[in-house]
1. Of all the Cα-Cα pairs you can form in region 11-179, what percent are over 18 Å apart?
2. How high is the relative contact order of the chain? Use alpha-carbon pairs under 8 Å, at least six apart in sequence, and give a whole percent.
3. At a Cα cut-off below 24 Å, give the lysines reachable from Lys108, other chains included and same-chain residues fewer than 8 away excluded.
4. Given the rule -39500 (n - 2.57) for each run of at least 4 DSSP H residues, summed and divided by the residues of the chain, what is its mean residue ellipticity at 222 nm, to the nearest 500 deg cm²/dmol?
Amino acid sequence: HGSGRREDALNFDVGAFDLTEARILFEGEAVALAAVSITDDQLEELDALLEEMAADDSNEPSVMDADHRFHLAIANATGNAAIRSVVEYLWDLRVKSPLAANMFARAKRGGITPRVDEHRPIVAALKARDPNAARNAMRTHLRGVVDDLLEATELEVMERARSELDARRDSVSKRLKIGSA
């Protein structure tokens, strides 16, 4: 037991795409379970968090925090402490894993924010107590996160290519001026 292997397993570096794939699996099933056990008070909490996100639809930490609390509230609504712990751990990796944190920070710098419109169908499915609709809504939302990460990656690659081309253009222009003097 004292080898630290469990601790090592909890501290590994995970990329944003792997992390989001895990969230699709775990949170998709968590929300399906929550759909059959969620209370009216928990639904009110989710509505309040939606309004909090909608009121400040920006890149501010308060919106990110409301998004985090939204997903943890769903995990809590499962009534299963192990599921809540797994979902909480996956969210912690967003900031504790250098690879994931870097990628999410780049996405944030690119203007990508939590989408309230993707959260509303999740709450609607929970209110309908429909596990399949809830699962599908969560998976759709998290696939949107993957799309956002891909877009952020694409924008970064394009910006880097643009900078390299500008540098090459300047270099060629300087060399051509030498021959015309």
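Nothing in this text is a laboratory measurement; each read-out follows from the coordinates by a stated rule. The structure displayed is predicted, hence computed values, not measured ones.
1. Everything past 18 Å amounts to 63 percent.
2. 32 percent.
3. Result set, ordered by chain and number: Lys96.
4. Numbers: 8 runs with 150 residues, N = 181.
Here the helix-only value at 222 nm equals -28000 deg cm²/dmol.
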